[in-house]
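Each remark here refers to the structure printed beneath this line.
Coordinate-derived values only; no laboratory data. What you see is a predicted model, and the numbers here were worked out from it, not measured in a lab. Because the Cβ atoms are built from the backbone with ideal geometry, glycine has one as well, and the counts that use them run over all protein chains shown.
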Amino acid sequence: MRILILGGTVFLSRAVAVQALAREHKVCCVARGVSGQVPDGARLLVADRNQPGELARAVSGESFDAVVDVATMSLPWVRDALAALADRVGHWTFVSSINVYADKATTGQNTDAPLLAPHLGPTAAEPSPDVDPDVYGATKVASEDAVREAMGERALVIRAGLLVGPGDPLDRFGYWPARFARGGRAIVPDALDQPFQYVDVRDMAGWIVSAAERGLAGVFDGSGPRGTLGGVLDGIASAVGAADLTLVPVPPSVLLEAGVTPWAGPRSVPLWVPPTYLGFTDRDTSPALRAGLAVRPLAETAADALAYERSLGLDRPRLAGLTAAEEHELLARLG
């Protein structure tokens, strides 16, 4: 197959390119060429999708069997791609987000759950940390609508959950292998029964390529089996934790009073979420699993995430988590 990846240089889109090349597909990637390199064997078509007409110019005269688009925050990007390619491509995968759902609290929902109202969103393609999640989700809804309208039964929409593993640019999951490998007393939220789901980026990428090969269509919530945060943290600790590692559960109220935030960002305890957001960490993903999304062992993901963390430097400034000094201060306060 000839597969066009709109991206191909960072995290998921790059992982898709790697998986497609491993299966001996011909891979072209459309990117500006400034965020990273495409994998060896892929062909780079240079284009800035913020510039109208650039994508159409880059793919002029090209033909593809499948397109994979991971556009995050730009409906114009999605519309321009469809205008340039929809009538000459057999299969289209659009990677959306579980942020499209209006009900953030109810657990066990599936793709039939109510969505946010479509929103045109900003023209910038990449959401900044302070973007309203509802605006992000509503922009994804509008993008999904555009894809389904143009591609019909040739469209696959994947509402991705938490993607983790090597190459993760957001530092959330990777915080835990890095922290547990350091050992000692490690703060964890005393909410270990919190529902939790994730998917290794390489497993998601493999499924996307398989779906293109099979012509899989429809809408799926793309994440792994339902579990708990405690189960995942215990699994990471077992896989990569230092011999002297001791987990110290701290009540969420104490964390909040100490200025520690949930989920992500500086001075945070990553992956812990308030009860009002549990609908995002506990979805019925069984349709995706039945449709071929295969999940590797947690121990493998944890070990590879730790190797990636070490390649970046364990003492680097992080986008998510507690610094060693912040954690030490909080542990001293707790006694």
Practice problem: Treat each spin label as a single point 7 Å out from the Cα along the C-beta direction, and report the residue 226 to residue 106 distance in nm. | Solution: 1.4 nm
Quiz item: Under a 5 Å amide H to amide H cut-off, with H placed in plane at 1.01 Å, what residues pair with residue 186 once short-range neighbours are removed?
Solution: 246, 247, 248
Quiz item: Taking amide H positions as placed 1.01 Å from N in the peptide plane, with prolines and chain starts having none, which residues 5 or more places from residue 45, or on another chain, fall under 5 Å of its amide H?
Solution: 29, 30, 31
Quiz item: If you take the charge dipole of the chain about its Cα centre, with +1 on Lys and Arg Cβ and -1 on Asp and Glu Cβ, which of 198, 84, 161 is farthest toward its positive end?
Solution: 84
Practice problem: Sum -39500 (n - 2.57) across every DSSP H segment of at least 4 residues in the chain, then divide by the residue count to get the 222 nm mean residue ellipticity, nearest 500. | Solution: -11000 deg cm²/dmol
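Take 298, 6 and order them by how many other Cβ atoms sit within 10 Å, fewest up front.
With the sparsest Cβ surroundings first, the list reads 298, 6.
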Practice problem: Just name one of 263, 249, 294: the one whose Cα is farthest towards the positive end of the charge dipole of the chain (beta-carbon charges, Lys/Arg +1, Asp/Glu -1). | Solution: 294
Quiz item: Around residue 152, what is the net charge, scoring Lys/Arg as +1 and Asp/Glu as -1 over all other residues with Cβ under 14 Å from its Cβ?
Solution: -3
Quiz item: Taking H as built 1.01 Å from N, whose amide H comes closer than 5 Å to the amide H of residue 228, not counting residues under 5 places away?
Solution: 196
Self-check item: Spatial separation of Cα centroids for region 164-216 and region 268-321, in angstrom
Solution: 2 Å
Quiz item: Nearest 20 debye, what's the magnitude of the dipole of the chain about its Cα centre given +1 on Lys and Arg Cβ and -1 on Asp and Glu Cβ?
Solution: 600 debye
Quiz item: Can you give the relative contact order of region 2-160 as a percent, counting alpha carbon pairs under 8 Å and 6+ residues apart?
Solution: 21 percent
Quiz prompt | Measure of compaction for region 2-160 (Cα Rg per 2.2 N^0.38 Å) | solution = 1.02
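Assuming 0.36 nm per residue, please report the length gained on full extension of the stretch residue 62 to residue 210 beyond their Cα-Cα distance.
51.1 nm
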Quiz item: What FRET efficiency do you get for residue 83 and residue 316 if R0 is 51 Å and r is their Cβ-Cβ distance, rounded to the nearest 0.05?
Solution: 0.80
Quiz item: Taking Cα pairs under 8 Å and at least six residues apart, what relative contact order does the chain come out at, in percent?
Solution: 18 percent
Self-check item: Net +/- balance of residues flanking residue 280 in space, Cβ distance below 14 Å, scoring K and R +1, D and E -1
Solution: +1
Self-check item: In nm, spacing of pseudo-spin labels at residue 117 and residue 294 (7 Å Cα→C-beta vector)
Solution: 4.5 nm
Quiz item: Per the Kirkwood treatment, what hydrodynamic radius in Å, one decimal, follows for the chain from the mean inverse distance over all distinct Cα pairs?
Solution: 20.6 Å
Quiz item: Summing Lys, Arg as +1 and Asp, Glu as -1, what charge do residues with Cβ under 11 Å from the Cβ of residue 312 carry, residue 312 excluded?
Solution: -1
Quiz item: Want the number for residue 10 to residue 325: 0.36 nm per residue separation, take away the alpha-carbon distance, what's left?
Solution: 110.3 nm
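Normalising by the residue count of region 232-320, find the relative contact order in percent from Cα pairs under 8 Å and 6+ residues apart.
On the way: 48 pairs, mean separation 34.4, N = 89.
Computed over region 232-320, the figure is 39 percent.
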